[in-house]
Amino acid sequence: MLDIGPLELVALVVLAVLIFGPDKLPKLIQDVSRTLRKIRQFSDSAKEDIRSELGPEFKDFEFEDLNPKTFVRKHVLEKDELGLKEIRNGFDFKAEMAEVTDAVHGRTSETPSSSTTGSGTPDLLKKPEKVQEGERPPFDADAT
């Protein structure tokens, strides 16, 4: 409840009794609860008006989806229409980092590198082949 402990709650009740008095406190609680109820009703009616104006395509529209975290969680992480889980599961971060570390230190890795699997990624330790006469040299994005 708003991160309020029991001792703090007792202190707030005692403070409210001291400020407003025991005779005005019940009426004040009724007024506050009535105001909160009206605000909640106003909010619900505004949401329904917006849904009715948007049309039947947005009947499942939830205003909580406007929060960016909720939107991403609902539309990207839960639904896997894009195949993100397959991409995430297919990427072995530890193996990739081990290959990079081995390449930086000049060691050969015991695991087969990604270039031997035919994935199209270049082997950084392999010396470039000689370009034959009339053949275009390979494009190096890092050199440009």
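When the range 1-50 is examined, which residues are found to be closer than 30 Å to F61 by Cβ and of a type in the set (S, T, N, Q)?
Within the range 1-50, S33, T35, Q41, S43, S45 qualify.
Would you point out which residue out of E8, E48, E53, E99 is at pLDDT 80 or above, open to solvent by less than 80 Å² (accessible area, probe 1.4 Å) and not aliphatic (A, V, I, L, M)?
Exactly one of E8, E48, E53, E99 is at pLDDT 80 or above, open to solvent by less than 80 Å² (accessible area, probe 1.4 Å) and not aliphatic (A, V, I, L, M), namely E99.
Against the condition at pLDDT below 75, open to solvent by less than 100 Å² (accessible area, probe 1.4 Å) and not in a loop (DSSP other than H, G, I, E, B), how does V131 come out, does it pass?
no
Answer with yes or no whether T111 is at pLDDT below 70 and surrounded by 10 or more Cβ atoms within 10 Å (Cβ to Cβ). Write out each step before concluding.
Numbers: at pLDDT below 70: yes; surrounded by 10 or more Cβ atoms within 10 Å (Cβ to Cβ): yes.
Spelling it out, T111 is indeed at pLDDT below 70 and surrounded by 10 or more Cβ atoms within 10 Å (Cβ to Cβ).
Is it the case, given these coordinates, that V72 is modelled with pLDDT of 70 or more, farther than 30 Å from S43 by Cα, among the hydrophobic types (A, V, I, L, M, F, W, C) and out of contact with any Asp or Glu (no Cβ under 6 Å at 6 or more places or on another chain)?
So V72 fails the test.
With the checklist (1) of a type outside the set (A, V, I, L, M, F, W, C); (2) within 34 Å of the chain's Cα centre (by Cα); (3) part of a helix (DSSP H, G or I) in hand, flag the one item D3 doesn't pass.
(3)
With (1) exposed (fewer than 12 other Cβ atoms within 10 Å of the Cβ); (2) modelled with pLDDT under 85; (3) aromatic (F, W, Y) as the list, and F58 as the residue in question, which single condition is left unmet?
Failed condition: (1).
The values are calculated or read from the model by the stated rules, or taken from the named source; none is laboratory data. Bear in mind that the values here come from a model prediction, so they are computed numbers and not experimental data. Cβ sites come from the backbone with ideal geometry, for glycine too, and all protein chains shown count toward neighbours. Remember, those area values only see protein heavy atoms, side chains included, never the ligands or the DNA or RNA. Shrake-Rupley method; radii C 1.70, N 1.55, O 1.52, S 1.80 Å.
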